[in-house]
Amino acid sequence: MRYLSIKSLLAGLVCFPLISAAEESPNIVVFLVDDMGVMDTSVPFLTDEGGKPVVHPLNTWYQTPNMKRLAKQGVRFSNFYAQSVCSPTRASIMTGQNATRHGTTQFIKPETDNRGEFGPPKWNWKGLTKECVTLPRVLQKNGYRTIHVGKGHFGPFKSIGAEPLNLGFDVNIAGSAIGLPRSYIGTYGKGTSRAVPGLEDYHNSGTFLTDALTIEATKAVDDAVEKKKPFYLYMSHYAVHGPFTPDPRFIEKYLNKGHKKSTAAFAALIEGMDKSLGDLLDHLEKIGEAENTLILFMGDNGTACPGHKGKPSAPLRSQKGSCYEGGTRVPFIAAWAKPSATSAVQKNWPIPAGVIQPQAIGTVMDIFPSVLELTKTPAPKNHTIDGSSLKTLLSGKPDPQREQAFLMHFPHKHRSSYFTSLRLGDWKLIYFYLKENHCELYNLKTDPSESTNLAEKHPKELKRMLGEMKQRLAREDALYPVDATGKELKP
């Protein structure tokens, strides 16, 4: 019998390294940008009929080199959807549920009920509670250090959801009930109802809010690594929401292009956000965590850019708060912070470089189940998840089992008021509860700008889409607008 020496055994271990605990528990960064639409970037997300990205005029207006860097490392979607305003999207990321189901169907005003004159009286304006199943709470039970940085907006003042620590986060930096900062500079609005909390060390330092949040996020990540715990970082920027304070680091280049101050300030906020992304990527590489960290970059609703000749999402129609594609289509990029051919977790979750998914529809509800699958975290019992895992799509392959649908229910007043929209494959239905001619029908494959209403021309398709919409609303326990007498207006 042949015996192996200790030296030979050790050599074998070098050849066949053990998988570290860190590689079994990858870090997750959800990098969420407020009010960033799919056209607010130099990265082209929209594609031609062959699936190739098309550069539109707005793409030449912005400068986002770090988004380009991330896109080159991973997969981006041309059809990724969020709710049309912020609080519903944020609750959907946290719960994996559509806004119709969790009931926060309008943005939450910190002080008062914001349902609108005909909105459903029982909509969930109190937001998330301690009883809610949330992604950070589930990850927390699986050993993750859960970090919240930036905008919360999960509930009104004095509610449970106003404090992210109540919702499963171990760390809360600058998160509260507010949906926008009073200021991006100075004391960040100290003494007002919209003051950004917890950043006193930066008051009057000249540090722009976006940069202060980035610095604090890297500190929180360092703390998690020092504690030898995998981390879930919810990096939720207040940018690029108004007030459109010019970021002094970038504003001059946009003013020199001859554009008005408001659009230049918005573009400077975009570039400041982009610098934050680059700083975070650089820091993860510096501390040796980049290969084990997945970045999920997205916007929370359509653009709020105050300009571009009334077409801030061109060639898409409209913007934040609307029922059209400019209101709900957002950028989405998934990439490992540093791609590696030897990483065990990346071999299990391969994400090819520079790939675009032009056909498949993704939504913010998909983040919850995707992160659970990646981190091998058991799905919570008795909790309905409306999203589905993105793993196959992130590998660059089609997913024939995936339903190509997005239901957007908004029984409130905004740019578009009291409506439900349903995208199903190439078709999109918009149903208005308070209009005499209730329906609009578009084929997004042939008419991505939603310029030709086909409701009268395609009655069979209209009937099919209406039937699907009603079934989905019933499944998700929808609450409907009411008339002047308080009677529900069901379709």
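The values are calculated or read from the model by the stated rules, or taken from the named source; none is laboratory data. Keep in mind that what you see is a predicted model, and the values were worked out from it rather than measured. Cβ sites come from the backbone with ideal geometry, for glycine too, and all protein chains shown count toward neighbours. In case anyone asks, the SASA skips ligands and DNA or RNA and just uses the protein heavy atoms, side chains included. Shrake-Rupley method; radii C 1.70, N 1.55, O 1.52, S 1.80 Å.
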If you place +1 on the Cβ of every Lys and Arg and -1 on the Cβ of every Asp and Glu, how big does the dipole about the Cα centre of segment 236-375 come out, in debye to the nearest 20?
740 debye
Distance between the C-alpha centers of segment 51-115 and segment 399-462? Whole Å please.
19 Å
Once you have a ≥ b ≥ c as the square roots of the Cα gyration tensor eigenvalues for segment 57-206, tell me rounded if a/c is under 1.5, and otherwise prolate or oblate according to whether a/b is larger than b/c.
rounded
Give me the distance between the Cα centres of segment 145-199 and segment 315-358, rounded to whole Å.
27 Å
Segment 254-363 - Rg (one decimal) and Dmax (whole number), Cα, Å
17.4, 50
May I ask you to rank Lys487, Lys227, Lys275, Lys463 by accessible area, largest first, using a 1.4 Å probe over the protein chains only?
Lys463, Lys487, Lys227, Lys275
Where N is the number of residues in segment 313-417, Cα Rg divided by 2.2 N^0.38 Å
1.27
Give the relative contact order (percent, whole number) for segment 128-211; include only Cα pairs under 8 Å separated by 6+ residues.
24 percent
Could you order Arg423, Arg317 so the one with the most accessible surface comes first? Probe is 1.4 Å.
Arg317, Arg423
Please list, by residue number, everything in segment 389-412 whose backbone N is under 20 Å from a paramagnetic label point 7 Å out along Cα→Cβ of Lys445.
397-407
Candidate cut points under GluC sites (Glu not before Pro) in segment 395-463, DSSP loop plus at most 14 other Cβ atoms within 10 Å of their own Cβ, are Glu403, Glu436, Glu456
Sequence-distant or interchain residues sharing an amide H contact under 5 Å with Ile173, placed H: which?
His148, Val149, Gly150
Mean Cα-pair separation over length for segment 217-270, i.e. relative contact order, pairs under 8 Å, 6 or more apart, %:
33 percent
Grab every C-alpha pair in segment 188-231, bin the distances at 10 angstrom width from 0 up to the longest one, and report whole percents.
25, 42, 24, 9
Kyte-Doolittle mean at least -1.0 and Cα axial length at least 20 Å: DSSP H helices in the chain:
209-226, 261-286
Quick one: what Rg and Dmax do you get for segment 330-385 from the alpha carbons, in Å?
13.5, 38
Could you calculate the FRET efficiency of Lys68 with His438 from 1/(1 + (r/R0)^6), where r is the beta carbon distance between them and R0 is 30 Å, rounded to 0.05?
0.10
Amide H to amide H, which residues 5 or more places from Gly37 or on other chains are under 5 Å from it, using H placed in the peptide plane?
Thr303, Ala304
Which length gain, in nm to one decimal place, applies between Glu373 and Ala314 when the Cα-Cα distance is subtracted from 0.36 nm times their residue separation?
17.7 nm
With a ≥ b ≥ c taken as the square roots of the eigenvalues of the C-alpha gyration tensor of segment 22-137, please select rounded if a/c is under 1.5 and otherwise prolate if a/b is larger than b/c or oblate if it is not?
oblate
Among Ile28, Pro110, Val85, flag the residue with its Cα farthest along the positive direction of the charge dipole of segment 27-130, charges on Cβ as +1 for Lys/Arg and -1 for Asp/Glu.
Ile28
Taking the chain and counting helices only, DSSP H stretches of n ≥ 4 at -39,500 (n - 2.57) each over all residues, the nearest-500 ellipticity at 222 nm comes to -7500 deg cm²/dmol
Picking from Ser421, Gly362, Leu454, whose Cα lies most toward the positive end of the charge dipole for the chain (charges on Cβ: Lys, Arg +1; Asp, Glu -1)?
Leu454
How do Thr342, Thr384 rank by accessible surface area computed with a 1.4 Å probe, from largest to smallest?
Thr342, Thr384
What Rg and what Dmax come out for segment 335-475 when only alpha-carbon atoms are used, in angstroms?
18.6, 61
Taking a label point 7 Å from the Cα of Thr384 along the Cα→Cβ vector, which residues of segment 101-144 have an amide N closer than 20 Å to it?
101-106, 120-135
For the chain, report the translational diffusion coefficient in µm²/s to the nearest whole number, using Stokes-Einstein at 37 °C, 0.692 mPa s, and a Kirkwood Rh over Cα pairs.
142 µm²/s
Rounded to 0.05, the calculated FRET efficiency for the beta carbons of Lys227 and Ser183 at R₀ = 45 Å is 0.85
